[in-house]
Amino acid sequence: MNILPAIADQAPVLTAIRRDLHAHPELGFEEVRTSGLIADKLTQWGIPIHRGLGKTGVVGTIRGRLGSSTRAIGLRADIDALPMAEHNTFAHASRHPGKMHACGHDGHTTMLLGAAQYLAATRNFDGLVHVIFQPAEEFGGGGQVMIRDGLFEKFPVEAVFGMHNMPGIPEGTVAASPGPILASNTEFKAVIRGKGGHAAMPHLAIDPIAVASQMMQAFQTIISRNRKPLEAAVISVTTIHAGDSFNIIPETCELTGTVRAYTRETLDMIERRMGEVAEYTAAAYGARCDFQFNRLYPATVNHAYETAFAREVLVELLGAERVVAQAPIMAAEDFSFMLEAVPGSYCFIGNGDGSHRDVGHGDGPCNVHNGSYDFNDALLPLGASFLSRLAERWLDRPLPSVR
(Lines give C-alpha, C1' and ligand atoms only; values in the text may rest on other atoms or scores of the structure.)
Protein backbone atom coordinates (compact mmCIF):
# COMPACT_ATOMS: atom_id res chain seq x y z
CA MET A 1 0.00 0.00 0.00
CA ASN A 2 1.62 3.24 -1.20
CA ILE A 3 0.45 5.72 1.41
CA LEU A 4 2.19 9.07 0.99
CA PRO A 5 4.87 9.25 3.73
CA ALA A 6 4.13 12.89 4.61
CA ILE A 7 0.49 11.99 5.18
CA ALA A 8 1.31 8.80 7.08
CA ASP A 9 3.40 10.92 9.45
CA GLN A 10 0.30 13.02 10.18
CA ALA A 11 -1.85 10.02 11.17
CA PRO A 12 -1.95 10.89 14.90
CA VAL A 13 -2.90 14.50 14.12
CA LEU A 14 -5.62 13.38 11.71
CA THR A 15 -6.96 10.93 14.28
CA ALA A 16 -7.18 13.70 16.86
CA ILE A 17 -9.07 15.95 14.44
CA ARG A 18 -11.47 13.16 13.49
CA ARG A 19 -12.22 12.29 17.11
CA ASP A 20 -12.74 15.93 18.00
CA LEU A 21 -15.28 16.21 15.18
CA HIS A 22 -16.97 13.00 16.33
CA ALA A 23 -17.31 14.34 19.85
CA HIS A 24 -18.95 17.56 18.61
CA PRO A 25 -21.53 16.54 15.98
CA GLU A 26 -23.71 19.17 14.35
CA LEU A 27 -26.78 18.73 12.17
CA GLY A 28 -27.29 20.03 8.64
CA PHE A 29 -26.91 23.80 8.16
CA GLU A 30 -25.97 24.04 11.86
CA GLU A 31 -22.31 23.04 11.43
CA VAL A 32 -20.95 26.28 12.90
CA ARG A 33 -18.20 24.77 15.03
CA THR A 34 -17.32 22.22 12.35
CA SER A 35 -17.01 24.78 9.57
CA GLY A 36 -15.04 27.03 11.92
CA LEU A 37 -12.56 24.25 12.61
CA ILE A 38 -12.23 23.55 8.88
CA ALA A 39 -11.71 27.23 8.07
CA ASP A 40 -9.11 27.59 10.82
CA LYS A 41 -7.12 24.59 9.60
CA LEU A 42 -7.18 25.69 5.96
CA THR A 43 -6.14 29.21 6.88
CA GLN A 44 -3.35 27.85 9.09
CA TRP A 45 -2.02 25.96 6.06
CA GLY A 46 -2.07 29.05 3.84
CA ILE A 47 -5.17 28.09 1.86
CA PRO A 48 -7.54 30.94 0.87
CA ILE A 49 -11.10 30.12 1.89
CA HIS A 50 -14.64 31.09 0.97
CA ARG A 51 -17.41 30.65 3.52
CA GLY A 52 -21.18 30.83 3.33
CA LEU A 53 -22.08 28.72 0.29
CA GLY A 54 -24.88 26.48 1.53
CA LYS A 55 -24.90 28.59 4.73
CA THR A 56 -22.17 26.63 6.55
CA GLY A 57 -20.15 25.34 3.60
CA VAL A 58 -16.43 26.02 3.23
CA VAL A 59 -14.38 25.99 0.03
CA GLY A 60 -10.60 26.24 0.01
CA THR A 61 -8.52 26.84 -3.11
CA ILE A 62 -4.98 25.48 -3.44
CA ARG A 63 -2.90 26.77 -6.34
CA GLY A 64 -0.04 24.65 -7.64
CA ARG A 65 3.50 25.91 -8.03
CA LEU A 66 4.41 24.28 -11.37
CA GLY A 67 2.86 26.82 -13.74
CA SER A 68 -0.01 29.20 -14.37
CA SER A 69 -2.75 26.85 -15.56
CA THR A 70 -6.34 27.63 -14.60
CA ARG A 71 -7.42 24.01 -14.87
CA ALA A 72 -9.21 22.90 -11.72
CA ILE A 73 -10.47 19.81 -9.92
CA GLY A 74 -12.97 19.62 -7.05
CA LEU A 75 -12.69 17.33 -4.02
CA ARG A 76 -15.76 17.13 -1.78
CA ALA A 77 -16.50 15.93 1.75
CA ASP A 78 -19.75 16.10 3.74
CA ILE A 79 -19.58 17.56 7.26
CA ASP A 80 -22.97 17.04 8.98
CA ALA A 81 -24.10 14.52 11.60
CA LEU A 82 -27.34 12.62 12.23
CA PRO A 83 -30.17 13.33 14.72
CA MET A 84 -29.76 10.13 16.73
CA ALA A 85 -28.40 8.94 20.05
CA GLU A 86 -24.92 7.43 20.31
CA HIS A 87 -24.56 4.13 22.19
CA ASN A 88 -20.77 4.31 22.43
CA THR A 89 -19.11 5.43 25.66
CA PHE A 90 -15.47 5.77 24.57
CA ALA A 91 -13.70 9.07 25.16
CA HIS A 92 -14.63 10.66 21.81
CA ALA A 93 -18.33 9.74 21.94
CA SER A 94 -20.82 12.50 21.17
CA ARG A 95 -21.11 15.20 23.82
CA HIS A 96 -24.42 16.38 22.39
CA PRO A 97 -27.40 14.13 23.22
CA GLY A 98 -29.46 13.23 20.20
CA LYS A 99 -26.70 14.04 17.72
CA MET A 100 -24.11 11.62 16.37
CA HIS A 101 -21.60 11.20 13.56
CA ALA A 102 -23.13 7.82 12.70
CA CYS A 103 -22.34 7.95 8.99
CA GLY A 104 -18.63 8.78 9.05
CA HIS A 105 -18.78 12.36 7.83
CA ASP A 106 -16.27 13.18 10.56
CA GLY A 107 -13.88 10.81 8.78
CA HIS A 108 -14.67 12.15 5.32
CA THR A 109 -14.00 15.71 6.51
CA THR A 110 -10.72 14.69 8.10
CA MET A 111 -9.50 12.81 5.03
CA LEU A 112 -10.10 15.90 2.89
CA LEU A 113 -8.36 18.08 5.47
CA GLY A 114 -5.40 15.71 5.35
CA ALA A 115 -5.28 16.00 1.57
CA ALA A 116 -5.58 19.79 1.75
CA GLN A 117 -2.67 20.02 4.18
CA TYR A 118 -0.48 17.83 1.97
CA LEU A 119 -1.39 19.62 -1.27
CA ALA A 120 -0.79 23.03 0.32
CA ALA A 121 2.60 21.94 1.61
CA THR A 122 3.81 20.34 -1.65
CA ARG A 123 1.86 22.13 -4.41
CA ASN A 124 3.33 19.61 -6.84
CA PHE A 125 0.85 20.35 -9.63
CA ASP A 126 -0.10 23.00 -12.16
CA GLY A 127 -3.62 24.30 -11.69
CA LEU A 128 -6.18 24.63 -8.90
CA VAL A 129 -7.59 22.21 -6.36
CA HIS A 130 -10.88 23.28 -4.78
CA VAL A 131 -11.57 21.43 -1.52
CA ILE A 132 -15.33 21.52 -0.92
CA PHE A 133 -16.68 20.95 2.58
CA GLN A 134 -20.43 20.51 2.14
CA PRO A 135 -23.12 20.81 4.83
CA ALA A 136 -26.46 19.03 5.16
CA GLU A 137 -25.95 15.86 3.16
CA GLU A 138 -28.25 13.80 5.36
CA PHE A 139 -31.20 16.19 5.31
CA GLY A 140 -31.55 19.38 3.33
CA GLY A 141 -29.64 18.66 0.13
CA GLY A 142 -26.65 20.82 1.00
CA GLY A 143 -24.93 19.88 -2.25
CA GLN A 144 -27.80 21.30 -4.25
CA VAL A 145 -27.90 24.42 -2.07
CA MET A 146 -24.18 25.05 -2.60
CA ILE A 147 -24.68 24.72 -6.35
CA ARG A 148 -27.62 27.14 -6.26
CA ASP A 149 -25.44 29.55 -4.30
CA GLY A 150 -22.97 29.54 -7.19
CA LEU A 151 -20.44 26.84 -6.23
CA PHE A 152 -19.38 25.94 -9.76
CA GLU A 153 -19.66 29.50 -11.07
CA LYS A 154 -17.32 30.78 -8.36
CA PHE A 155 -15.15 27.65 -8.43
CA PRO A 156 -15.41 26.06 -11.90
CA VAL A 157 -13.94 22.57 -12.14
CA GLU A 158 -13.32 20.02 -14.87
CA ALA A 159 -14.40 17.20 -12.56
CA VAL A 160 -15.45 16.59 -8.98
CA PHE A 161 -14.71 13.58 -6.79
CA GLY A 162 -16.00 12.32 -3.47
CA MET A 163 -16.05 9.16 -1.38
CA HIS A 164 -17.89 7.49 1.47
CA ASN A 165 -16.79 4.88 3.96
CA MET A 166 -18.55 1.52 3.74
CA PRO A 167 -18.73 -0.94 6.65
CA GLY A 168 -18.42 -4.52 5.46
CA ILE A 169 -15.87 -3.73 2.76
CA PRO A 170 -12.43 -4.80 4.10
CA GLU A 171 -10.13 -2.11 5.42
CA GLY A 172 -7.64 -1.15 2.72
CA THR A 173 -10.09 -1.93 -0.09
CA VAL A 174 -11.94 0.63 -2.22
CA ALA A 175 -14.95 0.02 -4.46
CA ALA A 176 -15.52 2.12 -7.57
CA SER A 177 -17.75 1.53 -10.60
CA PRO A 178 -19.22 3.62 -13.43
CA GLY A 179 -22.93 4.20 -13.87
CA PRO A 180 -25.66 4.30 -11.21
CA ILE A 181 -24.27 3.42 -7.78
CA LEU A 182 -26.83 5.02 -5.45
CA ALA A 183 -30.55 5.49 -5.96
CA SER A 184 -32.70 8.57 -6.10
CA ASN A 185 -34.56 9.47 -2.92
CA THR A 186 -38.21 10.51 -3.10
CA GLU A 187 -40.75 10.90 -0.32
CA PHE A 188 -44.47 10.52 -0.85
CA LYS A 189 -47.59 11.25 1.15
CA ALA A 190 -51.13 10.06 0.50
CA VAL A 191 -53.92 11.59 2.60
CA ILE A 192 -57.11 9.56 2.16
CA ARG A 193 -60.26 11.49 3.00
CA GLY A 194 -63.29 9.36 3.84
CA LYS A 195 -66.27 9.92 6.11
CA GLY A 196 -66.01 9.29 9.82
CA GLY A 197 -68.58 7.39 11.83
CA HIS A 198 -69.32 4.81 14.51
CA ALA A 199 -67.23 1.68 14.15
CA ALA A 200 -70.32 -0.41 14.86
CA MET A 201 -72.09 1.11 11.84
CA PRO A 202 -69.45 1.09 9.08
CA HIS A 203 -72.10 1.21 6.35
CA LEU A 204 -72.78 4.82 7.29
CA ALA A 205 -69.10 5.79 6.96
CA ILE A 206 -66.38 5.68 4.32
CA ASP A 207 -63.47 3.99 6.04
CA PRO A 208 -60.13 5.55 4.97
CA ILE A 209 -58.18 2.78 6.70
CA ALA A 210 -59.79 0.16 4.47
CA VAL A 211 -58.90 2.30 1.46
CA ALA A 212 -55.33 2.67 2.71
CA SER A 213 -54.89 -1.10 3.04
CA GLN A 214 -55.95 -1.59 -0.59
CA MET A 215 -53.76 1.28 -1.72
CA MET A 216 -50.67 -0.13 -0.02
CA GLN A 217 -51.10 -3.47 -1.79
CA ALA A 218 -51.76 -1.79 -5.13
CA PHE A 219 -48.59 0.31 -4.84
CA GLN A 220 -46.55 -2.90 -4.85
CA THR A 221 -48.05 -4.01 -8.15
CA ILE A 222 -46.31 -1.02 -9.72
CA ILE A 223 -43.00 -2.68 -8.86
CA SER A 224 -44.09 -6.19 -9.87
CA ARG A 225 -46.21 -5.39 -12.93
CA ASN A 226 -45.33 -1.94 -14.34
CA ARG A 227 -41.59 -1.74 -13.83
CA LYS A 228 -39.20 -3.42 -16.23
CA PRO A 229 -37.83 -6.45 -14.36
CA LEU A 230 -34.20 -5.44 -14.89
CA GLU A 231 -34.68 -1.87 -13.63
CA ALA A 232 -34.46 -1.91 -9.85
CA ALA A 233 -36.85 0.20 -7.78
CA VAL A 234 -38.40 0.21 -4.31
CA ILE A 235 -41.68 1.57 -2.93
CA SER A 236 -41.87 1.39 0.87
CA VAL A 237 -44.78 2.65 2.95
CA THR A 238 -43.16 3.55 6.27
CA THR A 239 -45.84 5.34 8.30
CA ILE A 240 -49.61 5.07 8.70
CA HIS A 241 -51.54 7.57 10.80
CA ALA A 242 -55.28 7.35 11.41
CA GLY A 243 -57.79 7.54 14.20
CA ASP A 244 -57.79 8.19 17.93
CA SER A 245 -60.29 5.71 19.36
CA PHE A 246 -61.14 2.02 19.11
CA ASN A 247 -64.80 2.66 18.23
CA ILE A 248 -64.55 5.56 15.77
CA ILE A 249 -63.93 5.28 12.05
CA PRO A 250 -61.68 8.29 11.35
CA GLU A 251 -62.17 10.92 8.69
CA THR A 252 -58.68 10.57 7.26
CA CYS A 253 -55.76 8.17 6.99
CA GLU A 254 -52.27 9.29 6.00
CA LEU A 255 -49.61 7.11 4.38
CA THR A 256 -46.03 8.23 3.89
CA GLY A 257 -42.98 6.47 2.57
CA THR A 258 -40.05 6.45 0.21
CA VAL A 259 -39.39 5.56 -3.43
CA ARG A 260 -35.96 4.60 -4.72
CA ALA A 261 -34.88 4.16 -8.35
CA TYR A 262 -31.78 4.47 -10.53
CA THR A 263 -33.23 6.14 -13.63
CA ARG A 264 -35.41 9.18 -14.18
CA GLU A 265 -37.60 7.18 -16.58
CA THR A 266 -38.40 4.61 -13.90
CA LEU A 267 -39.10 7.32 -11.36
CA ASP A 268 -41.39 9.17 -13.78
CA MET A 269 -43.36 5.98 -14.34
CA ILE A 270 -43.65 5.30 -10.61
CA GLU A 271 -44.88 8.83 -9.91
CA ARG A 272 -47.52 8.61 -12.63
CA ARG A 273 -48.75 5.16 -11.56
CA MET A 274 -48.77 5.94 -7.83
CA GLY A 275 -50.84 9.03 -8.51
CA GLU A 276 -53.31 7.00 -10.58
CA VAL A 277 -53.50 4.21 -8.00
CA ALA A 278 -54.07 6.71 -5.19
CA GLU A 279 -56.80 8.60 -7.05
CA TYR A 280 -58.73 5.66 -8.45
CA THR A 281 -58.45 3.36 -5.44
CA ALA A 282 -59.88 6.10 -3.25
CA ALA A 283 -62.62 6.81 -5.80
CA ALA A 284 -63.60 3.13 -5.96
CA TYR A 285 -64.54 3.32 -2.26
CA GLY A 286 -66.16 6.73 -2.42
CA ALA A 287 -63.20 8.50 -0.85
CA ARG A 288 -60.75 11.13 -2.09
CA CYS A 289 -56.96 11.16 -1.92
CA ASP A 290 -54.48 14.01 -1.89
CA PHE A 291 -51.20 12.59 -3.22
CA GLN A 292 -47.77 14.25 -3.05
CA PHE A 293 -44.55 13.00 -4.63
CA ASN A 294 -41.49 14.98 -3.51
CA ARG A 295 -38.22 14.23 -5.30
CA LEU A 296 -35.37 14.90 -2.87
CA TYR A 297 -32.10 13.55 -4.35
CA PRO A 298 -31.51 12.21 -7.86
CA ALA A 299 -29.62 8.98 -8.43
CA THR A 300 -25.85 9.12 -8.04
CA VAL A 301 -24.43 8.21 -11.45
CA ASN A 302 -20.68 7.96 -11.90
CA HIS A 303 -19.17 9.17 -15.17
CA ALA A 304 -17.21 6.53 -17.04
CA TYR A 305 -13.95 8.40 -17.75
CA GLU A 306 -13.65 9.90 -14.28
CA THR A 307 -14.34 6.55 -12.62
CA ALA A 308 -11.74 4.79 -14.76
CA PHE A 309 -9.28 7.53 -13.83
CA ALA A 310 -10.04 7.17 -10.11
CA ARG A 311 -9.53 3.41 -10.36
CA GLU A 312 -6.11 3.96 -11.96
CA VAL A 313 -5.06 6.10 -9.01
CA LEU A 314 -6.44 3.55 -6.55
CA VAL A 315 -4.56 0.71 -8.24
CA GLU A 316 -1.38 2.77 -7.96
CA LEU A 317 -1.96 3.19 -4.22
CA LEU A 318 -3.45 -0.17 -3.27
CA GLY A 319 -2.74 -2.71 -5.98
CA ALA A 320 -5.34 -4.11 -8.38
CA GLU A 321 -6.55 -6.78 -5.96
CA ARG A 322 -7.79 -4.13 -3.52
CA VAL A 323 -9.77 -2.10 -6.06
CA VAL A 324 -13.13 -3.77 -6.54
CA ALA A 325 -16.46 -3.16 -8.24
CA GLN A 326 -19.29 -1.45 -6.38
CA ALA A 327 -22.73 -2.99 -6.78
CA PRO A 328 -25.49 -0.36 -6.79
CA ILE A 329 -27.32 0.12 -3.51
CA MET A 330 -30.65 1.77 -2.74
CA ALA A 331 -29.33 4.41 -0.35
CA ALA A 332 -29.14 7.99 -1.63
CA GLU A 333 -26.51 10.73 -1.57
CA ASP A 334 -26.70 14.40 -2.51
CA PHE A 335 -23.31 14.27 -4.24
CA SER A 336 -25.65 13.29 -7.06
CA PHE A 337 -26.42 16.99 -7.62
CA MET A 338 -22.73 17.70 -8.19
CA LEU A 339 -22.46 14.80 -10.64
CA GLU A 340 -25.42 16.23 -12.56
CA ALA A 341 -23.64 19.60 -12.75
CA VAL A 342 -20.13 18.44 -13.72
CA PRO A 343 -18.46 15.10 -14.54
CA GLY A 344 -17.03 13.13 -11.67
CA SER A 345 -17.03 9.97 -9.61
CA TYR A 346 -17.87 8.70 -6.12
CA CYS A 347 -16.22 5.68 -4.54
CA PHE A 348 -16.53 3.65 -1.32
CA ILE A 349 -13.60 3.11 1.03
CA GLY A 350 -13.83 0.00 3.18
CA ASN A 351 -14.47 0.69 6.88
CA GLY A 352 -13.83 -2.93 7.86
CA ASP A 353 -15.86 -5.22 10.13
CA GLY A 354 -16.02 -2.99 13.20
CA SER A 355 -13.14 -4.62 15.10
CA HIS A 356 -11.29 -1.28 15.08
CA ARG A 357 -13.64 0.23 17.67
CA ASP A 358 -12.21 1.16 21.06
CA VAL A 359 -13.34 -0.30 24.35
CA GLY A 360 -16.63 1.36 25.18
CA HIS A 361 -18.37 0.90 21.86
CA GLY A 362 -22.05 0.00 21.83
CA ASP A 363 -23.36 -3.52 21.52
CA GLY A 364 -24.72 -3.04 18.00
CA PRO A 365 -22.95 -3.56 14.67
CA CYS A 366 -20.62 -0.99 13.19
CA ASN A 367 -23.06 -0.06 10.45
CA VAL A 368 -23.77 3.46 9.29
CA HIS A 369 -26.83 5.07 10.91
CA ASN A 370 -26.35 2.80 13.92
CA GLY A 371 -25.73 4.07 17.46
CA SER A 372 -22.70 1.77 17.81
CA TYR A 373 -20.93 2.97 14.66
CA ASP A 374 -17.50 4.59 14.63
CA PHE A 375 -15.30 5.59 11.71
CA ASN A 376 -12.10 3.56 11.28
CA ASP A 377 -9.20 5.97 11.85
CA ALA A 378 -6.80 3.66 10.01
CA LEU A 379 -8.45 4.88 6.79
CA LEU A 380 -7.48 8.51 7.28
CA PRO A 381 -3.98 8.35 5.68
CA LEU A 382 -5.29 6.16 2.85
CA GLY A 383 -8.20 8.47 2.03
CA ALA A 384 -6.04 11.58 2.24
CA SER A 385 -3.39 9.98 0.02
CA PHE A 386 -5.98 8.97 -2.56
CA LEU A 387 -7.51 12.44 -2.76
CA SER A 388 -4.06 14.03 -2.99
CA ARG A 389 -2.84 11.72 -5.75
CA LEU A 390 -6.15 12.10 -7.57
CA ALA A 391 -5.69 15.87 -7.75
CA GLU A 392 -2.03 15.68 -8.75
CA ARG A 393 -2.59 13.07 -11.43
CA TRP A 394 -5.67 14.78 -12.85
CA LEU A 395 -3.93 18.12 -13.30
CA ASP A 396 -0.83 16.40 -14.69
CA ARG A 397 -2.83 14.68 -17.45
CA PRO A 398 -4.26 16.55 -20.47
CA LEU A 399 -8.03 16.87 -20.39
CA PRO A 400 -9.45 14.27 -22.81
CA SER A 401 -11.36 15.57 -25.83
CA VAL A 402 -13.92 12.77 -25.48
CA ARG A 403 -15.18 11.66 -22.06
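The values are calculated or read from the model by the stated rules, or taken from the named source; none is laboratory data. Just so we're clear, the structure is a prediction, and the values are computed from it rather than from any experiment. Quick reminder, even Gly has a Cβ in these numbers, built from the backbone with ideal geometry, and neighbours come from all protein chains shown.
Of the residues making up region 105-136, just one is in a loop (DSSP other than H, G, I, E, B), among the charged types (D, E, K, R) and touching a helix residue (DSSP H, G or I) at 6+ places or on another chain (Cβ under 7 Å), namely Asp126.
Each row is one residue, and each column tells you yes or no for (1) crowded, with 17+ Cβ neighbours inside 10 Å; (2) farther than 17 Å from Leu390 by Cα; (3) of a type in the set (A, V, I, L, M).
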| residue | (1), (2), (3) |
| --- | --- |
| Phe90 | no, yes, no |
| Arg95 | no, yes, no |
| Lys99 | yes, yes, no |
| Thr122 | no, no, no |
| Gln144 | yes, yes, no |
| Glu153 | no, yes, no |
| Val160 | yes, no, yes |
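Of all residues in region 167-196, those satisfying the criterion of being in a strand (DSSP E or B) and within 30 Å of Ala287 (Cβ to Cβ) are Asn185, Thr186, Glu187, Phe188, Lys189, Ala190, Val191, Ile192, Arg193, Lys195. Do you know which residues across region 285-300 are surrounded by fewer than 19 Cβ atoms within 10 Å (Cβ to Cβ) and part of a strand (DSSP E or B)? The answer is Arg288, Asp290, Gln292, Phe293, Asn294, Arg295, Leu296. Checked against the criterion of being within 23 Å of the chain's Cα centre (by Cα), in the same structural domain as Ala159 (by TED's automatic domain parsing) and not polar (S, T, N, Q), the candidates Glu392, Glu340 yield just one match: Glu340. Residues in region 197-217 that are out of contact with any strand residue (DSSP E or B) (no Cβ under 8 Å at 6 or more places or on another chain) and assigned to a helix (DSSP H, G or I) were compared, and the one that is surrounded by the fewest Cβ atoms within 10 Å (Cβ to Cβ) is His203. When Pro97, Pro83 are screened for being over 30 Å from Asp396 (Cα atoms) and more than 22 Å from the chain's Cα centre (by Cα), only Pro97 passes.
Looking for something at pLDDT 95 or above, under 28 Å from Leu128 (Cα atoms), among the basic types (Lys, Arg) and in contact with a His (Cβ under 7 Å, 6 or more places away or on another chain) - is there at least one such residue anywhere in region 24-38? Scanning region 24-38 turns up at least one residue that is at pLDDT 95 or above, under 28 Å from Leu128 (Cα atoms), among the basic types (Lys, Arg) and in contact with a His (Cβ under 7 Å, 6 or more places away or on another chain).
The listed residues are Ala287, Ala261, Ala304, Ala308, and the only one of them that is small (Gly, Ala, Ser) and more than 27 Å from Asp334 (Cβ to Cβ) turns out to be Ala287.
Within region 230-239, can one find any residue that is surrounded by fewer than 17 Cβ atoms within 10 Å (Cβ to Cβ) and assigned to a loop (DSSP other than H, G, I, E, B)? Yes. When every residue of region 363-384 is checked against the conditions, none turns out to be surrounded by 22 or more Cβ atoms within 10 Å (Cβ to Cβ), charged (D, E, K, R) and within 29 Å of Ile235 (Cβ to Cβ). Here Tyr305 passes the criteria (1) farther than 23 Å from Ser236 by Cβ; (2) buried (at least 19 other Cβ atoms within 10 Å of the Cβ); (3) hydroxyl-bearing (Ser, Thr, Tyr) except the one numbered (2).
Among the criteria (1) closer than 30 Å to Arg295 by Cα; (2) modelled with pLDDT of 95 or more, the one His356 does not fulfil is (1).
If I ask for residues that are out of contact with any Ser or Thr (no Cβ under 6 Å at 6 or more places or on another chain), part of a loop (DSSP other than H, G, I, E, B) and of a type in the set (A, V, I, L, M), which ones from region 67-88 would you list? Ala81, Met84, Ala85, listed by residue number. Out of all the residues in region 137-166, which are over 25 Å from Pro398 (Cα atoms) and either modelled with pLDDT under 95 or in a loop (DSSP other than H, G, I, E, B) (or both)? Answer for region 137-166, where residues must be over 25 Å from Pro398 (Cα atoms) and either modelled with pLDDT under 95 or in a loop (DSSP other than H, G, I, E, B) (or both): Glu137, Glu138, Phe139, Gly140, Gly141, Asp149, Gly150.
Scoring Arg272 on the criteria (1) surrounded by fewer than 14 Cβ atoms within 10 Å (Cβ to Cβ); (2) within 22 Å of the chain's Cα centre (by Cα); (3) within 12 Å of Ile222 (Cβ to Cβ) leaves a single failure, condition (2). Pairs linking a residue in region 31-45 that is surrounded by 16 or more Cβ atoms within 10 Å (Cβ to Cβ) to a residue that is among the hydroxyl-bearing types (Ser, Thr, Tyr) and at pLDDT 95 or above, with Cβ atoms under 6 Å and 6 or more positions apart or on different chains, are Glu31/Thr56; Ser35/Thr56.
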